[in-house]
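**Q** First the structure, then my questions, so here it is.
Read-outs throughout are calculated quantities, based only on the coordinates presented, and are distinct from any laboratory measurement. The structure displayed is predicted, hence computed values, not measured ones. Note that we place each Cβ from the backbone using ideal geometry, even for glycine, and neighbour counts take in every protein chain shown.
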Amino acid sequence: MLSDQATAHVGEREHTIRLFDASDGRQLRVFSGHGARVVSVTFVPDGQHALSGSHDTTVRLWDLTTGEQKHVFVGHTDRVHEVAVSDDGRHGLSCAGDGTIRLWDLGGRKEICSLKGHTESVRCARFLPESRFAVSGSDDGTVRVWRLPISDQQNE
């Protein structure tokens, strides 16, 4: 599991993500592919993947071992501000300047739904325990709790 032994750093100017060995600071890998500033990176619980979000409006899934970009999730129409991964590693969340939160099926490589209700940029989104709900905060001054359309089979 690389994520137990590593830390990620987002390269603002280079539009990259750099992975470092947490014990000695040695750079392990550089992930390139985003077309603008990368603002959020989180490890998937399997320890083999990471999810990133960028001002290029995309969310990307990376293989930590090979450095390969596994998938580009598209759907946001403005800068992505944050990404999150469910405790079971099956789903991702992203929030953006377009006022939406998107729920992604990481294994199926597709969007499950777009959560709409905020009237301004959504700055943060997180899964709540057991990943059946999410919480988000927006520049519109509201915090919202969302029931996610994830079935018991998807969550097992």
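**Q** Tell me which residues come under 5 Å, amide H to amide H, from ARG29 once H is placed; ignore anything under 5 positions away on its chain.
**A** Result for ARG29 returns LEU19.
**Q** Give me the number: length gained by fully extending THR66 to ALA22, i.e. 0.36 nm times residue separation minus the C-alpha to C-alpha distance, one decimal in nm. Please list the in-between numbers first.
**A** Numbers: separation 44, 0.36 × 44 = 15.84 nm, distance 1.82 nm.
The THR66-ALA22 span can extend by a further 14.0 nm.
**Q** Sticking with this structure for a sec: Indicate, rounded to the nearest 5 percent, the antiparallel portion of the DSSP beta bridges found entirely in the chain. Please report the intermediate quantities before stating the final value.
**A** Working: 51 of 51 bridges.
Approximately 100 percent, going by the DSSP bridge assignments.
**Q** Under 5 Å between amide H atoms, partner at least 5 residues away or on a different chain: which partners does THR58 have, H built in plane at 1.01 Å?
**A** VAL80
**Q** I would also like to ask the following. Could you work out how far apart the two model spin labels at THR7 and ARG126 are, taking each label as a point 7 Å from the Cα in the direction of the beta carbon, and quote it in nm?
**A** 2.0
**Q** Over the chain, what relative contact order in percent results from Cα pairs under 8 Å that are six or more residues apart?
**A** Working: 416 pairs, mean separation 20.1, N = 156.
Value for the chain: 13 percent.
**Q** Stokes-Einstein D for segment 62-128 at 4 °C, 1.567 mPa s, Kirkwood Rh over Cα pairs, in µm²/s?
**A** Rounded, D is 105 µm²/s.
**Q** Relative to the present Cα-Cα distance, how much length would full extension add between GLN48 and ALA36 at 0.36 nm per residue of separation? Please report the intermediate quantities before stating the final value.
**A** Working: separation 12, 0.36 × 12 = 4.32 nm, distance 2.41 nm.
Stretched out fully, the GLN48 to ALA36 stretch lengthens by 1.9 nm.
**Q** Over segment 1-110, one equal point on each Cα, no solvent: what is log10 I(q)/I(0) by the Debye formula at q = 0.13, 0.14 Å⁻¹?
**A** Listed by q, the Debye log ratios stand at -0.42, -0.49.
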